[in-house]
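*Asks:* A single structure is presented below for examination.
Here, each number is a calculation from the coordinates, and none is a lab measurement. Note that this is a predicted model, so its numbers are computed, not measured. Methodologically, a virtual Cβ is constructed for each residue, glycine included, from the backbone with ideal geometry; neighbour enumeration extends over all protein chains shown.
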Amino acid sequence: MSIIESFRKAISFFDEIRREGFITDYALIGGLALSAWVQPRTTKDVDLVVAIPKEITWSDIASFIETRLHKKVILQKGTQRTTIQEKLSFMMGHIEVDVISTKGFKLAAEAIENAVVAQIFDKKVKVVSPEYLILLKLLPLSSQDEIDIRTLMKKADLNSLRILAERHALLPKLEPLLIKPRKQK
């Protein structure tokens, strides 16, 4: 199964369980979301943030994936140090699908609410805005995340970004990235 076909199947599955009411909404984050806003870059996974109704548990979502897609799901719980409370991963063809819950994760819930619909590999899917994608990338802040953030800043509304970063206590992590690096002589 090609990467594009794997993406299509994963998105179709989440569209289906949204229609059935097992999730309330979802949006694309990570490298594919970045590619919707700026020059595409290679990525090896599909990252989603998902909101679920109160009566559905994260284990229920894992069971739907295992039962309907016949995929082994790895469930992860957050710690007190992380903002992410619930995460799961599974393989769809040759790509990993990482799914993060909005439970206890206000930034992720807001990101979905403010996401826009984009066309990716001929599928319409909600994609988080550049501002929210930057904030989500600030949390782990790997060297790749820093590169992605600097690229996304060209598309972001920097005033809105600062306001959002302050509201989510991320301004101290953002400010150093807002300063343009000096060119080497």
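*Asks:* Give, as a single signed number, the net charge of other residues whose beta carbon lies under 12 Å from the beta carbon of Glu146, with Lys and Arg counted +1 and Asp and Glu -1.
*Replies:* Neighbourhood net charge equals +1.
*Asks:* Then there is this: When only DSSP loop residues count, what trypsin sites (Lys or Arg not before Pro) in segment 88-147 have their Cβ near at most 13 other Cβ atoms within 10 Å?
*Replies:* none
*Asks:* Taking the Cα centroid of segment 136-170 and of segment 20-46, what is the distance between the two, rounded to the nearest whole Å?
*Replies:* 16
*Asks:* Kindly put His70, His94, His168 in sequence by how many other C-beta atoms sit within 10 Å of each C-beta, fewest to most.
*Replies:* So the residues, fewest neighbours to most, are His70, His94, His168.
*Asks:* Normalised by the number of residues in the chain, what is the relative contact order in percent for Cα pairs under 8 Å and 6+ residues apart?
*Replies:* 20
*Asks:* Counting only DSSP beta bridges with both residues in the chain, what percent are antiparallel, rounded to the nearest 5?
*Replies:* The antiparallel fraction comes to roughly 75 percent.
*Asks:* For Met1, project a label point 7 Å along Cα to C-beta. Then give me every residue of segment 82-124 with its amide nitrogen under 20 Å of that point.
*Replies:* Only 88-100, 120-124 fall inside the zone, counting backbone N under 20 Å.
*Asks:* Looking at segment 29-107, which GluC sites (Glu not before Pro) are DSSP coil and have at most 15 other C-beta atoms within 10 Å of their C-beta?
*Replies:* Glu55
*Asks:* In whole Å, what are the extents of the chain along the principal axes defined by its C-alpha atoms, from largest to smallest?
*Replies:* 57, 35, 25
*Asks:* Can I ask one more? If you stretched the chain out fully between Val116 and Ser143, how much longer would it get, using 0.36 nm times the residue separation minus the C-alpha to C-alpha distance?
*Replies:* That works out to 7.1 nm of additional length.
*Asks:* Pulled fully out, how much extra length does the chain show between Glu55 and His70, if you take 0.36 nm times their separation in residues and subtract their Cα-Cα distance?
*Replies:* In short, 3.1 nm is gained.
*Asks:* Another question about this same structure. How much mean residue ellipticity at 222 nm does the chain get from its helices, if each DSSP H run of length 4 or more adds -39500 (n - 2.57) and you divide by all residues, to the nearest 500 deg cm²/dmol?
*Replies:* -12000 deg cm²/dmol
*Asks:* Right, another one. Relative contact order for segment 60-100: what percent, with Cα pairs under 8 Å and sequence separation of 6 or more?
*Replies:* Normalised by residue count, the contact order of segment 60-100 is 28 percent.
*Asks:* Let me ask something additional. Suppose every Lys and Arg Cβ carries +1 and every Asp and Glu Cβ carries -1, with no other charges. What dipole size does the chain come out with about its Cα centre, to the nearest 20 debye?
*Replies:* 680
*Asks:* Are there trypsin sites (Lys or Arg not before Pro) in segment 1-56 that DSSP puts in a loop and that have at most 13 other Cβ atoms within 10 Å, and which ones?
*Replies:* Arg41, Lys44, Lys54
*Asks:* For Lys87, which lysines qualify as cross-link partners when the Cα separation must be under 18 Å and same-chain residues fewer than eight apart are set aside?
*Replies:* Straight-distance partners of Lys87: Lys44, Lys54, Lys71, Lys72, Lys77, Lys103, Lys106, Lys137.
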